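The values are calculated or read from the model by the stated rules, or taken from the named source; none is laboratory data. Not measured: the values here are computed from a predicted model. Reconstructed Cβ throughout: ideal geometry from the backbone, glycine too, with neighbour counts over all protein chains shown. Only protein heavy atoms, including side chains, enter the accessible area calculation; ligands, DNA and RNA are left aside. Shrake-Rupley method; radii C 1.70, N 1.55, O 1.52, S 1.80 Å.
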Amino acid sequence: MQRIDGLLRSAIDRYHMIEEGDRIGVGVSGGKDSMVLLTSLARLRAYLPKRFELVALTMDPCFGGEYTDYTPIARLCGEMGVEYILKRTQLGQIVFEQREEANPCSLCAKLRRGILHNMAKEAGCNRLALGHHFDDAAETFVMNLFYGGKIGCFSPVTWLDRKELTLIRPMIFVEERLVRSAAKKESLPVVKSRCPVDGNTKRQEIKDLLWSLEKDYDRLRIKIVGALQRAGIDGW
């Protein structure tokens, strides 16, 4: 975790992600990415010169009309001294039963974002930390190019003027392999997604494509993220 802590601190310093007195909501889905993000930010509270508060925010989609058990996450938050807020929703029913979307991921992501943004505001947060990592950045760039015909990626820091909320992505320098290793080594309580299309998405296709291309094009993901930074695309 120390290496990940250092990479988070580098991103936070480079993009000025945290200021004195911030109250930061952390989007916690229960997956490895969000759990490592939450754990690292909780550790960094003791080291960063700027003091800040953390609130863990979980939105349960209730896929299949059933509640997901997040008790292990609530327990970990208690151990780390982090406030934990859980909100049950009808997201799963709306996306997969009422709307019956042919491409449910886009609608689901949009609704998730709206719910999470509202949760952060209701919890009195001025910033919301999301668990997107280094690999996510490379994959998003390629997805935007292949499927949207545009050059772009999510930004390290995004100001939402309608919500008066700042989104931050402290894990953008952390490769997924490090996230996976840390989650296992720290025995973090990862909650398996119950999404009906989990692992069978366009993002997974791009992830597999990039890994296959790296056999012939060494460090391809690193070159993609480096290009984003050198070009200054979307605040990189």
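Here are some notes:
- In sequence order, region 156-166 has phi-based couplings of x, 9, 10, 9, 9, 5, 5, 9, 6, 9, 9 Hz under the Karplus curve 6.51 cos²θ - 1.76 cosθ + 1.60, θ = phi - 60°, and Gly or Pro positions carry x.
- In summary, the helical segments of the chain meeting the span-like criteria, namely a full DSSP H run, a Cα extent along the axis of 24 angstrom or more and a mean Kyte-Doolittle hydropathy of at least -0.5, are 104-122.
- Accessible-area rank, largest first, for 215, 87, 32: 215, 87, 32, with all protein chains present and a 1.4 angstrom probe.
- Residue 133 long-range amide H proximity, modeled H, under 5 Å: none
- Relative contact order of region 58-134, defined on C-alpha pairs under 8 angstrom at six or more residues apart (%): 31
- Accessible area of the chain belonging to carbon and sulfur atoms, whole % at 1.4 Å probe: 49
- When you restrict to C-alpha pairs under 8 Å that are six or more residues apart and normalise by the size of the chain, the relative contact order lands at 25 percent.
- Placing R0 at 25 angstrom, the Cβ-Cβ distance between residue 14 and residue 75 gives a FRET efficiency of 0.15 after rounding to 0.05.
- For residue 127, distant residues with modelled amide H under 5 Å away: 23, 25, 166
- Average accessible surface for region 170-236: 61 Å² per residue, computed with a 1.4 Å probe over protein heavy atoms with every protein chain in place.
- For region 131-177, GluC sites (Glu not before Pro) meeting the loop criterion (DSSP other than H, G, I, E, B) and having at most 12 other Cβ atoms within 10 Å: 164.
- Alpha-carbon centroid distance for the pair region 8-55 / region 134-186, whole angstrom: 15
- For region 73-112, the square roots of the Cα gyration tensor eigenvalues, ordered a ≥ b ≥ c, give a/c of at least 1.5 with a/b greater than b/c, which places it in the prolate category.
- Zone residues, region 9-27, relative to residue 126, backbone N less than 15 Å from point 7 Å out along Cα-to-Cβ: 16-25
- If both residues of a DSSP beta bridge must be in the chain, then about 20% of such bridges are antiparallel.
- Given 150/215; 150/185; 121/185; 50/202; 110/185, the pairs whose alpha carbons are separated by over 31 Å: 150/185; 121/185; 50/202; 110/185
- Using C-alpha pairs below 8 Å separated by at least 6 residues, the relative contact order for region 2-132 is 31 percent.
- Of all lysines in the structure, the ones whose alpha carbon falls short of 20 Å from that of residue 184, not counting any fewer than 8 places away in one chain, are 32, 192.
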